[in-house]
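K.L.:
First, the structure itself, so that you have it in front of you.
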Amino acid sequence: MSFETDFNRDTREAFKKSIDYPSLVARRPPEKIVLLDWQKTLETLRDAQGNEWSGKVDEPSLGLLGEGSLRVQMQSQKGAAIVDITSLAGDWQERLDYVMWQESLTHRTEVNAKVLPGMDDLYLIPKLTPGTRFTNFLYGNFFIEVKAWDVDDIDSLAKALHQVMKDNSRVLDKEHKKCFKVTADKTTLMVGEVVSISLEGLVKNWDSEWIANQSRQLLNDDMEYLERRGNVFLLKARKKGKIKIPFAAMNKQTLYVEHQEVEVEVK
């Protein structure tokens with residue numbers, strides 16, 4: 001997945017230079033998975049200062065780029081904060097590029113963020129403004145954005161969240177078993193023909209535990225998305241060529257996201 005858009009390209013490139021992007025790419029931390037029940041974890045979270053935060057958790061969703069998302073409103077005696085959780089698939093550099101893209105979506109001429117050393121995997125705090133009214137960090141397959149609402153500082157909350165993720169993570173096995181697969185009823189078709197693609201392999205009552213979709217924003221105009229019937233997706237071929245059709249699934253409890261794709265040839 002590429003996030004190299006023209007929008008704010010100069011701002012993004014300047015930010016990448018300021019945080020030594022090439023060294024971040026080369027550092028490539030071990031692939032890990034965070035095993036948390038996010039609903040239960042964020043119902044109550046205590047930070048290092050002893051503040052108890054209670055969370056109101058929204059329903060998770062799966063975007064058309066194949067990214068999982070969850071918003072949580074956190075409240076303590078200090079005030080309120082918003083936590084946005086984005087669950088990403090892809091390798092380290094793809095996730096890093098997602099962060100570079102997100103950070104450059106600003107009206108400023110310079111990204112207001114700098115790296116805080118000593119925090120895995122990438123931990124960003126304000127650079128141009130005083131205090132810590134936001135913290136964004138990438139840990140494992142998660143990008144976390146913590147923003148103050150009516151509280152002066154969210155540093156202790158962000159670090160508590162980072163620590164609980166670190167305490168509940170493990171290195172991902174190289175032979176990690178895939179959670180689902182996609183199968184097409186035909187792999188060769190003509191322009192104008194419809195292909196039926198089944199999503200298989202999730203638990204029996206998967207729609208109560210998983211969200212799945214066809215990542216339509218990653219689908220170019222070679223194929224036309226028609227409809228979904230349960231776990232079957234119908235698409236029409238519009239152009240000739242070998243075409244990869246991406247799918248995503250997310251576990252509602254852990255927010256674990258996985259991508260799979262099926263390739264068809266249109267003649």
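K.L.:
Over the stretch 19-78, average the accessible area per residue using a 1.4 Å probe and give it in Å², no decimals.
P.N.:
Accessible area per residue, the stretch 19-78: 54 Å².
K.L.:
Once amide H atoms are placed 1.01 Å from N in the peptide plane, what residues at a sequence separation of 5 or more from Lys114, or on another chain, have their amide H within under 5 Å of its amide H?
P.N.:
Ile125, Lys127
K.L.:
Sticking with this one: Suppose accessible area is computed on protein heavy atoms with a 1.4 Å probe; arrange Met119, Met165 from highest to lowest.
P.N.:
So, going from the largest accessible area down, we get Met119, Met165.
K.L.:
Still on this structure, I have one more. Give me a comma-separated list of calculated 3J(HN,Hα) values for the stretch 9-25, in order, Karplus coefficients 6.51, -1.76, 1.60 applied at θ = phi - 60°, integers in Hz, x for any Gly or Pro.
P.N.:
4, 4, 5, 5, 5, 5, 5, 4, 5, 5, 9, 6, 3, x, 6, 5, 4
K.L.:
While we're here: So what are the ³J(HN,Hα) numbers for the stretch 132-144, from phi and the Karplus equation (6.51, -1.76, 1.60; θ = phi - 60°), rounded to whole Hz, Gly and Pro as x?
P.N.:
10, 8, 7, 8, 10, 9, 10, 9, x, 9, 10, 10, 10
K.L.:
Now, a different point. For the stretch 80-87, just list the computed ³J(HN,Hα) in residue order, Karplus coefficients 6.51, -1.76 and 1.60, θ = phi - 60°, integers in Hz, with x standing in for Gly and Pro.
P.N.:
10, 9, 10, 10, 10, 10, 10, 9
K.L.:
Leaving out ligands and nucleic acids, note down the accessible area per residue over the stretch 130-186 with a 1.4 angstrom probe, in whole Å².
P.N.:
Spelled out: the 1.4 Å probe surface of the stretch 130-186, per residue, equals 53 Å².
K.L.:
For Arg28, tell me the accessible area in Å² from a 1.4 Å probe, rounded to the nearest 10.
P.N.:
Estimated to the nearest 10 Å², Arg28 gives 110 Å².
K.L.:
Convex hull volume of the Cα atoms in the chain, per residue, in Å³?
P.N.:
For the chain, the hull spanned by Cα atoms encloses 145 Å³ per residue.
K.L.:
At 1.4 Å probe radius, can you tell me the per residue accessible area of the stretch 202-267 in Å²?
P.N.:
Here the per-residue accessible area is 53 Å².
K.L.:
Also, quick follow-up: For a quick check: with amide H placed at 1.01 Å from N, whose amide H comes under 5 Å from Leu226's, ignoring anything fewer than 5 positions away on the same chain?
P.N.:
Leu234, Leu235, Lys236
K.L.:
Roughly speaking, to the nearest percent, how much of the chain's 1.4 Å accessible area is carbon and sulfur?
P.N.:
Solvent-exposed carbon and sulfur of the chain make up 47 percent of the total.
K.L.:
Further, regarding this structure: Over the stretch 1-155, consider all pairs of different Cα atoms and compute the Kirkwood hydrodynamic radius from their mean reciprocal separation; express it in Å, one decimal.
P.N.:
16.5
K.L.:
Just give me a number: lysine pairs in the stretch 185-266, eight or more positions apart or cross-chain, with C-alpha atoms less than 19 Å apart.
P.N.:
Taking the Cα cut-off of 19 Å, the pair count is 7.
K.L.:
Rolling a 1.4 angstrom probe over the protein chains, ignoring ligands and nucleic acids, what is the accessible area of Thr187 in square angstrom, nearest 10?
P.N.:
Near enough 80 Å² of accessible area.
K.L.:
Longest span of the chain, sites excluded, free of chymotrypsin sites (Phe, Trp or Tyr not before Pro) in DSSP loop with at most 16 other C-beta atoms within 10 Å?
P.N.:
8-148
K.L.:
Could you state the number of Å between the C-alpha centres of the stretch 39-68 and the stretch 156-190?
P.N.:
Each part reduced to its Cα centre gives a spacing of 18 Å.
The values are calculated or read from the model by the stated rules, or taken from the named source; none is laboratory data. All values derive from a computational prediction rather than experimental measurement. In this analysis, Cβ positions are derived from the backbone assuming ideal geometry, glycine residues included, and neighbour counts consider all displayed protein chains. Side chains included, ligands, DNA and RNA excluded: accessible areas come from the protein's heavy atoms. Shrake-Rupley method; radii C 1.70, N 1.55, O 1.52, S 1.80 Å.
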